[in-house]
Amino acid sequence: MLARTTSVTGQTSASGLLANKAVVLFGPPGSGKGTQSKFLVAHFGIPQISTGDMLRDHIARRDAIGLAIEARMKAGSLVPDELVNDLVRERVAQPDCRDGFILDGYPRTRQQAEVLMRLLGELKRAEVVIHLAVDYNIIIARISGRRVCPKCGTLYNSSTRPSRIPGICDLDGVSLVVREDDREEVVRERLEAYEEQTRPLIEYFRETGRRLIEVDASEGSPETVFGKILEQLQKPA
Ligand code: ADP
């Protein structure tokens, strides 16, 4: 049994299983990386770093980075490696990342993976890569039912996580929208980018002896998938 400390809220502190770790959540668009990240944040108390959210934030602010990447993101293509590498390097240096952090959607290319591994070496952090494997047809069905609240960013899904009133955010009553890059032709482009540039990283992680946890995320509720992640994390590395 591995040592871990559990607070009254049921939260396992980062001094336990993920102490000082960099968790890399890895999987195709629609595999539930964002949802599982939120569970990990709640359970282990370490922050989520979503490069997708950071980039969308720049676009929303219409700053120089946002203007430079807007067209690529809307088309479902990846943005340049140097840009995301710099964003992540800056973000992980923040004090809230002291006890560990969760990378959601990074790295996505071989170049990003190599830069990250060097960075983790400098920071003296071990990584745990969690690969969420999902069947292609399920991904298409999931993404087409996805809606987001334009105000608070909460994600809903008509089949797996419906809002109480269809089309309306439970939290603030705002009408839900389809995320720009969830449109069908853009989803196809995102899946292609994943197949060509990101999926080959599984081999890279294997070849370089990184700890890789494989979880079948095709079936079951998000909570069930999270249960499988916890189970794997508790096994000795
Ligand atoms: P998903 O995983 O569902 O595609 P994300 O929010 O993670 O959603 O990413 C949305 C978009 O943000 C991607 O299609 C890409 O344009 C951009 N993006 C996010 N992370 C990266 C990254 N690490 N490298 C390059 N582009 C990225």
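The values are calculated or read from the model by the stated rules, or taken from the named source; none is laboratory data. Remember, predicted model here, so these are calculated numbers, not experimental data. Methodologically, a virtual Cβ is constructed for each residue, glycine included, from the backbone with ideal geometry; neighbour enumeration extends over all protein chains shown. SASA here: full protein model, heavy atoms, side chains in, ligands and nucleic acids out. Shrake-Rupley method; radii C 1.70, N 1.55, O 1.52, S 1.80 Å.
Of all residues in segment 37-54, which are open to solvent by 10 Å² or more (accessible area, probe 1.4 Å) and part of a helix (DSSP H, G or I)?
Within segment 37-54, Lys38, Phe39, Val41, Ala42, His43, Gly52, Asp53, Met54 meet the criteria.
Among the listed residues Leu78, Leu67, Leu123, which satisfies the condition of being of a type outside the set (Val, Ile, Thr), within 15 Å of the ligand (Cβ to nearest atom) and open to solvent by less than 80 Å² (accessible area, probe 1.4 Å)?
Exactly one of Leu78, Leu67, Leu123 is of a type outside the set (Val, Ile, Thr), within 15 Å of the ligand (Cβ to nearest atom) and open to solvent by less than 80 Å² (accessible area, probe 1.4 Å), namely Leu78.
Which one is nearest to Arg89 (Cα to Cα) among residues in segment 132-145 that are open to solvent by less than 20 Å² (accessible area, probe 1.4 Å) and within 13 Å of the ligand (Cβ to nearest atom)?
Leu132
Which one of the conditions (1) part of a helix (DSSP H, G or I); (2) within 28 Å of Ala19 (Cβ to Cβ); (3) open to solvent by less than 20 Å² (accessible area, probe 1.4 Å) does Glu223 fail to meet, given that it meets all the rest?
Looking at each condition in turn, Glu223 falls short on (3).
Suppose the filter is open to solvent by 70 Å² or more (accessible area, probe 1.4 Å) and β-branched (Val, Ile, Thr); does Ile202 pass it?
no
Tell me which of these Asp96 doesn't satisfy, since it passes every other one: (1) within 22 Å of Gly30 (Cβ to Cβ); (2) surrounded by fewer than 14 Cβ atoms within 10 Å (Cβ to Cβ); (3) touching a residue at least 12 places away in the same chain (Cβ under 8 Å).
(1)
Scan Leu67, Leu40 and give me the residue that is within 15 Å of Lys228 (Cα to Cα) and either hydrophobic (A, V, I, L, M, F, W, C) or modelled with pLDDT under 95 (or both).
On inspection, the qualifying residue turns out to be Leu40.
So which of Arg62, Arg72 is open to solvent by 40 Å² or more (accessible area, probe 1.4 Å), farther than 26 Å from Pro222 by Cα, more than 10 Å from the ligand (Cβ to nearest atom) and not hydrophobic (A, V, I, L, M, F, W, C)?
Result: Arg62 is the single residue among Arg62, Arg72 that is open to solvent by 40 Å² or more (accessible area, probe 1.4 Å), farther than 26 Å from Pro222 by Cα, more than 10 Å from the ligand (Cβ to nearest atom) and not hydrophobic (A, V, I, L, M, F, W, C).
Restricted to segment 150-196, and to residues that are among the basic types (Lys, Arg) and surrounded by 15 or more Cβ atoms within 10 Å (Cβ to Cβ), which residue is farthest from the chain's Cα centre (by Cα)?
The qualifying residue farthest from the chain's Cα centre (by Cα) is Arg183.
Quick one: in segment 99-120, of everything that is over 16 Å from the mean Cα position of the chain (by Cα) and acidic (Asp, Glu), which residue is surrounded by the fewest Cβ atoms within 10 Å (Cβ to Cβ)?
Going through the qualifying residues, I end up with Glu114.
Residues to consider are Arg118, Arg161, Arg147; find the one that is modelled with pLDDT of 90 or more, under 23 Å from Leu40 (Cα atoms) and basic (Lys, Arg).
Checking each option against the conditions leaves just Arg147.
I'd like to check something: does segment 197-214 contain any residue that is at pLDDT below 90, of a type in the set (A, V, I, L, M) and closer than 19 Å to Ser50 by Cβ?
The answer is no, given that none of the residues of segment 197-214 is at pLDDT below 90, of a type in the set (A, V, I, L, M) and closer than 19 Å to Ser50 by Cβ.
Which of the following residues is more than 14 Å from the ligand (Cβ to nearest atom) and under 27 Å from Ala113 (Cα atoms): Val187, Val225?
Among Val187, Val225, only Val225 is more than 14 Å from the ligand (Cβ to nearest atom) and under 27 Å from Ala113 (Cα atoms).
If you go through segment 197-222 one residue at a time, how many are more than 16 Å from the chain's Cα centre (by Cα) and of a type outside the set (Ser, Thr, Tyr)?
Of the residues in segment 197-222, 11 are more than 16 Å from the chain's Cα centre (by Cα) and of a type outside the set (Ser, Thr, Tyr).
Would segment 36-46 turn up any residue that is in contact with a helix residue (DSSP H, G or I) (Cβ under 7 Å, 6 or more places away or on another chain) and within 15 Å of the ligand (Cβ to nearest atom)?
Yes, some residue in segment 36-46 is in contact with a helix residue (DSSP H, G or I) (Cβ under 7 Å, 6 or more places away or on another chain) and within 15 Å of the ligand (Cβ to nearest atom).
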